[in-house]
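Take a look at the structure set out below.
The values are calculated or read from the model by the stated rules, or taken from the named source; none is laboratory data. All values derive from a computational prediction rather than experimental measurement. As a convention, Cβ positions derive from the backbone with ideal geometry for all residues, glycine included, and neighbour counts pool all protein chains shown.
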Amino acid sequence: MRAEEGVALIVTMGALSVMLILSALAFSSSTTLSGNTNRERSAKKAFQAAEAGLEVGTYRVNNLVDVTGLATSCLLAGGAGCSGSGTLADGSTWSYALTPELTTGNLTSLLPGGKCAGFPVGFTTAGELNVAPRCLTATGTSNGVTRRQQIRLSLFTGKPLFADIPGLVGRRGIRLKNSSRIHGRIGTNGLISLDNGNTIYGGIEVGPGAPNPVVGNSTVLGGVTRRQPAEGPIVFAPVEIGNTATVNNNAGMVLSNGATRTYDAQNREIEFNNGTVTFLGGYYNFCSLLANNSTTFVVPQRAQVRLFIDAPESVRPGSGCREGTGWFEAKNSLNISGADNAFQVYIWGGNPSPTKPAFYIKNSGELHMSIHAPNADVVLNNAARFYGAINADYIEFKNTTDFYYSSLLDSLGADLSTLFQRSQWTQCRSTPTNAGDPHSGC
């Protein structure tokens, strides 16, 4: 009974048991850690997928792009809400739901408690700028893990371009040759020359050192106002062209009624012939634009077109434009329809040559648009009806142009921030709290 030959086996078995228990604990802990890591990785992917949904929804509402083509109800004011979905390269999926423009009439029926991104939606009083809010909720899923986010989109404007002198402003000068009627104000630091039978309904404003206007046999209602030296001369905001040379919606248009288009994508030179061209909204950047024959440009309701005419490489390095470009021309009748603030033309450089203005309309047309060309000439040749506003280095109306300043231009900004932007953000529960309501649980 005193023999101890078997004690080593007992000790060994005990040690092995302890080691097995510790190994099992380590394996269990490792498995749990691995699972948590995978879940955390999937959660991050799901979060980024939801972010992709927010980005796509914002892009589509700003550019009036619907997955089926030209939107008619999904993104337009007064239309129903809309949605979209897609898959990322890593297999994560995203989807979004976007409300129509929120109003006092539809707010509580569309959003629980009248809130978006955690805050109540307020509305401006009469006379103030309407920010046209929308609510956008996105869902991302990766390996069974879901994350949801919600943002409020609001429409803001920057520093006004035209409200200081509402009408025609030609910094270097303005000439009206024959029988034009200007329903607005005109201003310059240079010479205003009125030839025959013109009528200015809003008066004239000139810079401190400008010569007296040459009125001839024209009529100026409202008189002539000279700016005080303390006010300084008339100045223009520069054209903020941003990255629109490479990030743009140049292909975002629909041709109808026999319209044709020739587009040199490498040099960003475009030419239209006949028919109707519907611009889908957003930023466009061309080195030159030519409209031949009878062409009509259309901007859908609530869409806004910001069309930049870029300058040659020698003028703006990095533009990618060839020498001799930097112009917008309509050889025959051009009509532009839509809201007066919807079709906006920004010309970065000056005239392409001493004999060629950067903006030239040769023949008649009805134009609902605005032009901001601080370094270039704007010339309208024959019998145009213009609804909007013009800033240019020099302006000339040659024959019988009716010009109507539009108050819709009062708040048009000088920068690229006049589209829907995020104003609030929140993270939502992983699933909606109300079945069938994609915006609930936020």
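Whether any residue in the stretch 343-355 is more than 22 Å from GLY173 (Cα to Cα) and part of a loop (DSSP other than H, G, I, E, B) is what I want to check. No, the stretch 343-355 contains no residue that is more than 22 Å from GLY173 (Cα to Cα) and part of a loop (DSSP other than H, G, I, E, B). Residue count for the stretch 220-233, restricted to those that are more than 18 Å from LEU176 (Cβ to Cβ) and part of a loop (DSSP other than H, G, I, E, B): 7. Sub-9 Å Cβ pairs linking a first residue in the stretch 107-127 that is in the same structural domain as GLN149 (by TED's automatic domain parsing) and under 12 Å from ILE151 (Cα atoms) to a second residue that is modelled with pLDDT of 80 or more and among the aromatic types (Phe, Trp, Tyr), at least 6 apart or interchain, are ALA117/TRP425; GLY118/TRP425, ordered by first then second residue.
So is ALA26 surrounded by 10 or more Cβ atoms within 10 Å (Cβ to Cβ), assigned to a helix (DSSP H, G or I) and either among the aromatic types (Phe, Trp, Tyr) or modelled with pLDDT under 80 (or both) or not? Talk me through it step by step, then tell me what you get.
Values: surrounded by 10 or more Cβ atoms within 10 Å (Cβ to Cβ): yes; assigned to a helix (DSSP H, G or I): yes; either among the aromatic types (Phe, Trp, Tyr) or modelled with pLDDT under 80 (or both): yes.
Answer is yes for this residue.
Out of the residues in the stretch 222-234 meeting the condition of being at pLDDT 85 or above and surrounded by fewer than 11 Cβ atoms within 10 Å (Cβ to Cβ), tell me which one is nearest to PRO160 (Cα to Cα). Give the steps one after another, and end with the answer.
Our first condition is that a residue be at pLDDT 85 or above; within the stretch 222-234, this holds for 222-228, 233-234.
Subsequent filtering for residues that are surrounded by fewer than 11 Cβ atoms within 10 Å (Cβ to Cβ) retains 223, 228.
Numbers: GLY223: 25, GLN228: 21 Å.
Step by step, filter the stretch 222-234, then rank; the result is GLN228.
This table checks each residue for (1) more than 25 Å from the chain's Cα centre (by Cα); (2) in the same structural domain as ARG306 (by TED's automatic domain parsing); (3) of a type in the set (Val, Ile, Thr); (4) surrounded by fewer than 23 Cβ atoms within 10 Å (Cβ to Cβ).
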position	(1), (2), (3), (4)
GLU366	no, yes, no, yes
ASN381	yes, yes, no, yes
ARG385	yes, yes, no, yes
GLY388	no, yes, no, no
THR401	yes, yes, yes, no
